[in-house]
Amino acid sequence: MIYPIAVYGHPVLRKIAKEIKPGHEGLNEIIENMWETMYESDGIGLAAPQVNKSIRLIVIDASPLEDDFPELKDFKKVFINPQIINYNEEYDIIAEGCLSLPTISEEVKRPTQITINYMDVHFNPITETYHGFAARVLQHEHDHLEGILFVDHISPLKKRLLKGKLTKISKGDVDVEYKITVPPTLNRGKRR
Ligand code: NI
């Protein structure tokens with residue numbers, strides 16, 4: 001089942017997502033639906049809050065970008081209850097996009113390496129270190145679990161320049177190829 005994607009302005013994107021306990025009802029189905037939703041919308045990562053589920057779950061398949069970023073080779077994974085435990089002190093600046101912010105792309109500065117604790121689908125605890133674009137995708141998706149969007153990392157001036165676009169997105173007034181869900185109070189806005 002393909003879920004609609006919550007877009008900018010939707011309150012679920014600003015909530016701190018809840019920890020998932022083993023035996024969480026319907027978890028495997030949610031994960032399957034998230035894969036389907038992510039592929040349908042041509043995303044490389046999806047966090048559960050983006051499909052209106054405020055739980056600490058991320059799916060990533062960034063392998064389509066491996067030609068440009070060799071560190072993404074075979075980077076397809078489910079992350080349950082991820083926790084970033086270490087960041088390095090080097091940064092890079094790369095443009096990001098987000099399914100919840102269609103039509104927007106801005107450069108974001110992030111550490112180039114992270115170490116992360118998480119659980120796999122069998123709730124085995126895992127610790128791994130990622131670098132380059134893999135570290136970036138993980139930080140972006142992990143932000144979603146904390147109620148943070150990539151536009152929160154850009155300068156106030158740049159954000160001000162985006163204000164009109166962001167308002168349009170929050171009203172569903174944006175041209176996207178996938179199903180979206182707008183903030184509940186704005187449901188009267190135009191959408192396709
Ligand atoms: Ni995103």
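Amide H contacts under 5 Å for Glu107: Glu96, restricted to partners 5 or more places along the chain or on a different chain, H placed in the peptide plane at 1.01 Å from N.
Grab the other residues whose beta carbon is less than 14 angstrom from that of Ile20, score K and R as +1, D and E as -1, and report the net.
So the surrounding residues net to 0.
Charge dipole of the chain (Cα centre as origin; +1 on each Lys and Arg Cβ, -1 on each Asp and Glu Cβ, all else neutral): 1320 debye, rounded to the nearest 20.
Once the C-beta distance of Thr167 and Ile126 is scaled by a Förster radius of 30 Å, the resulting FRET efficiency is 0.15 to the nearest 0.05.
Each Lys or Arg adds one and each Asp or Glu subtracts one; over the other residues with Cβ under 15 Å from the Cβ of Pro49, this totals 0. Assign one of three labels to the chain, namely rounded, prolate or oblate, based on the Cα gyration tensor with a ≥ b ≥ c the square roots of its eigenvalues; rounded applies when a/c is under 1.5, prolate when it is not and a/b is larger than b/c, and oblate otherwise. It is oblate, given that a/c is not under 1.5 and a/b is not larger than b/c.
Across the stretch 13-97, Cα pairs under 8 Å and at least six residues apart give a relative contact order of 25 percent. Across the stretch 108-120, coupling constants 3J(HN,Hα) worked out from phi with the 6.51/-1.76/1.60 Karplus curve, θ = phi - 60°, read 10, 8, 9, x, 8, 8, 9, 10, 10, 9, 7, 10, 7 Hz, and Gly and Pro carry x. Count Lys and Arg as plus one, Asp and Glu as minus one, and take only other residues whose Cβ is under 12 Å from that of Leu166; the net charge is then +4.
Values in this text are rule-based calculations from the coordinates and carry no lab data. For clarity, every value in this text was computed on a predicted model and none was experimentally measured. Positions of Cβ are generated from backbone atoms using ideal geometry, with glycine treated the same way; all protein chains shown enter the neighbour counts.
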